[in-house]
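Asker: Can you read through this structure? Questions will come right after.
The values are calculated or read from the model by the stated rules, or taken from the named source; none is laboratory data. As the structure is a computational prediction, the values presented were derived from the model and not from experiment. A quick note on method: Cβ atoms are made from the backbone with ideal geometry, for glycine too, and the neighbour counts reach across all protein chains shown.
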Amino acid sequence: MPEYARIRGSRRQLWIGAAVLFALSAAANLASPLYPHFKLAYAMTDWTMTALYATYVVSCLPALLLFGSAADAFGRRPVLLAAIGSVSVGTALFTIDTIGVSGLFAGRVLTGVGLGLGTGAGIALMVEASPARRAWLGSTAATMSFVLGTGAGPIIAGVVSEMTAGSASGATLLVAPFSVMLALLIVTGLLVTTLRFHSPMTRQRWQPTWPSVPGPMRSSFYIAAVTGLLGWAALGLFLALLPSMTEATLPEPSTLTSGLIVGTVLVISAASQLLAPKLQPRAAQTIGLTLLGLGAALLLSSNLPSLGATTALVLMTTAAVATGTGHGLSYWGANREIDMLAPSRQRAGITAALYLAFYTGAGLPAIVVGAIAIGTSLIDAIMIFTLVLLLAVIVFIPVPSLALTTVRRSRAAAAAALEADSHAGRIPGVAVLQGEPAAHLTEEPSAPFSFEEDYHSNGGVSATDPRTPL
């Protein structure tokens, strides 16, 4: 096994990797509670503002697919430094108050590219640092760091903006959070430079990582991808659009309030993933989807005109708690199921395809709401999208569990059962009970064998999986 198969990292390497993923995801989501202020400062339309959020997601997708294997060819440290450098330049553009709208879009593009470039390298760095007795620690800590960073970004922006709210210059409100984040990125980059550089043991040519899903696991993959897409769409609704909703709903909105509500979703999502391993992957997905539906319903209710400001705030906060818990469970369940089913040699491509669905879901609310807002108000557009999301979640809730039940036999399975009955000298599909007359013939049930059904019926371990120890 080339590259880093025989390299074991240290606990310090694990913490540095966690710091990198935390800083990159925090920087990518720092602007979430500040969008209403950017809209006023640069006189942006609703479409322009929502497109600004979606830009980093759109730029992150090709970076994730094209540069996912770059760390295997060039080493972890150079790729991480390049990722931090790209995000730092993108963040620095937001500290220039005269940069203009085009400069803001350029900053978001650089942030998205850096996030896509550093995600794979950071996770690989942490996995390599996992202790031999706790091999799961690196991947679990990586997921937690990413989600916590995504939640910490809006909180940092809200706190720093509130602290500088008394400044005479309105530009300070927008510049200060990005200045703090830039300093954090620089410190993180310095930590990465202290890592020991490991040259690949077998030099390989870099090539893009394109998604590829084996046929036997496509059903499970599609279910996990849709579950994750719905979870990240609900999350993207809070990250991109909730600040604008609080501005219109609450009589005395503040950046701190928006940042705390948005950050709460991610913090609760990370916390729920600590409890998720007690559930089976499909159960986690089903429960998570149910909570996502509850969160969408509460968010819709918070916008009723007859509600007071306090009631609306309580409903928004409760919606954030439900959505955060639902996202954490559904996200963990989708990841865990695919991780257990994916063959080792194809895991990178399958993971890239899965995260393609996740990032698509994260950017979907901003794009769809922006398009709807062209013909109506932004709040009405948010409510329309939330209603559609609620209906989609309700329709999909039973799918993860029902997919485990064989409703109809395939033609191949029916032919195999017919042939087996013929060899046994029996009437096809019928068993004769000993000591009973022919009138008591009963139908013999038979079910087709399925790799996925074998996997789920054995608690996540397949007897035919080549990775299962004998």
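Asker: Hey, among Ala157, Ala141, Ala129, Ala121, which residue is outside the structural domain of Gly326 (by TED's automatic domain parsing), more than 18 Å from Leu182 (Cβ to Cβ) and surrounded by 24 or more Cβ atoms within 10 Å (Cβ to Cβ)?
Answerer: Numbers: Ala157 fails: more than 18 Å from Leu182 (Cβ to Cβ); Ala141 fails: surrounded by 24 or more Cβ atoms within 10 Å (Cβ to Cβ); Ala129 fails: surrounded by 24 or more Cβ atoms within 10 Å (Cβ to Cβ).
When all the criteria are applied, what remains is Ala121.
Asker: Residues being modelled with pLDDT of 85 or more and polar (S, T, N, Q): count how many of those fall in segment 312-347.
Answerer: Within segment 312-347, residues that are modelled with pLDDT of 85 or more and polar (S, T, N, Q) number 4.
Asker: Against the condition surrounded by 21 or more Cβ atoms within 10 Å (Cβ to Cβ), within 22 Å of Thr150 (Cβ to Cβ), of a type in the set (S, T, N, Q) and in contact with a Gly (Cβ under 6 Å, 6 or more places away or on another chain), how does Thr323 come out, does it pass?
Answerer: Working: surrounded by 21 or more Cβ atoms within 10 Å (Cβ to Cβ): yes; within 22 Å of Thr150 (Cβ to Cβ): yes; of a type in the set (S, T, N, Q): yes; in contact with a Gly (Cβ under 6 Å, 6 or more places away or on another chain): yes.
Spelling it out, Thr323 is indeed surrounded by 21 or more Cβ atoms within 10 Å (Cβ to Cβ), within 22 Å of Thr150 (Cβ to Cβ), of a type in the set (S, T, N, Q) and in contact with a Gly (Cβ under 6 Å, 6 or more places away or on another chain).
Asker: Among residues belonging to segment 196-227 that are aliphatic (A, V, I, L, M) and under 28 Å from the mean Cα position of the chain (by Cα), point out the one that is modelled with the lowest pLDDT.
Answerer: Top of the filtered list is Val213.
Asker: Within segment 95-109, is there a residue that is outside any helix (DSSP H, G or I), crowded, with 21+ Cβ neighbours inside 10 Å, in contact with a helix residue (DSSP H, G or I) (Cβ under 6 Å, 6 or more places away or on another chain) and of a type outside the set (Val, Ile, Thr)?
Answerer: No; the residues of segment 95-109 include none that is outside any helix (DSSP H, G or I), crowded, with 21+ Cβ neighbours inside 10 Å, in contact with a helix residue (DSSP H, G or I) (Cβ under 6 Å, 6 or more places away or on another chain) and of a type outside the set (Val, Ile, Thr).
Asker: Might you let me know whether segment 162-179 holds any residue that is of a type in the set (D, E, K, R), loosely packed, with under 14 Cβ neighbours inside 10 Å and at pLDDT below 90? So that I can check it myself, show each step before the final result.
Answerer: Initial filter on segment 162-179 (of a type in the set (D, E, K, R)): 162.
Then drop every residue that is not loosely packed, with under 14 Cβ neighbours inside 10 Å, which leaves none.
No, every residue in segment 162-179 fails to be of a type in the set (D, E, K, R), loosely packed, with under 14 Cβ neighbours inside 10 Å and at pLDDT below 90.
Asker: Evaluate the following for Leu364: is it touching a helix residue (DSSP H, G or I) at 6+ places or on another chain (Cβ under 8 Å) and either under 22 Å from Val127 (Cα atoms) or surrounded by fewer than 21 Cβ atoms within 10 Å (Cβ to Cβ) (or both)? Step through it out loud before you land on a result.
Answerer: On the way: touching a helix residue (DSSP H, G or I) at 6+ places or on another chain (Cβ under 8 Å): yes; either under 22 Å from Val127 (Cα atoms) or surrounded by fewer than 21 Cβ atoms within 10 Å (Cβ to Cβ) (or both): no.
In short, no.
Asker: Here's a check for you: in segment 281-320, which residue that is free of Cβ contacts under 8 Å to residues at least 12 places away in the same chain and not in a helix (DSSP H, G or I) is surrounded by the most Cβ atoms within 10 Å (Cβ to Cβ)?
Answerer: Our first condition is that a residue be free of Cβ contacts under 8 Å to residues at least 12 places away in the same chain; within segment 281-320, this holds for 304-308, 310-311, 314.
Applying the additional criterion that residues be not in a helix (DSSP H, G or I) yields 304-308.
Values: Leu304: 11, Pro305: 6, Ser306: 5, Leu307: 15, Gly308: 9.
Applying the filter and picking the extreme gives Leu307.
Asker: Between Arg108, Arg134, which is among the charged types (D, E, K, R) and free of Cβ contacts under 8 Å to residues at least 12 places away in the same chain?
Answerer: The match here is Arg134.
Asker: If you don't mind, there's one more thing I want to ask. Anything in segment 33-42 that is in contact with a helix residue (DSSP H, G or I) (Cβ under 9 Å, 6 or more places away or on another chain) and more than 17 Å from Leu93 (Cβ to Cβ)? List them, or say none.
Answerer: Pro33, Pro36, Lys39
Asker: Please state which of the following conditions Ala334 fails to meet, knowing it meets all the rest: (1) surrounded by fewer than 16 Cβ atoms within 10 Å (Cβ to Cβ); (2) over 30 Å from Asp380 (Cα atoms).
Answerer: (1)
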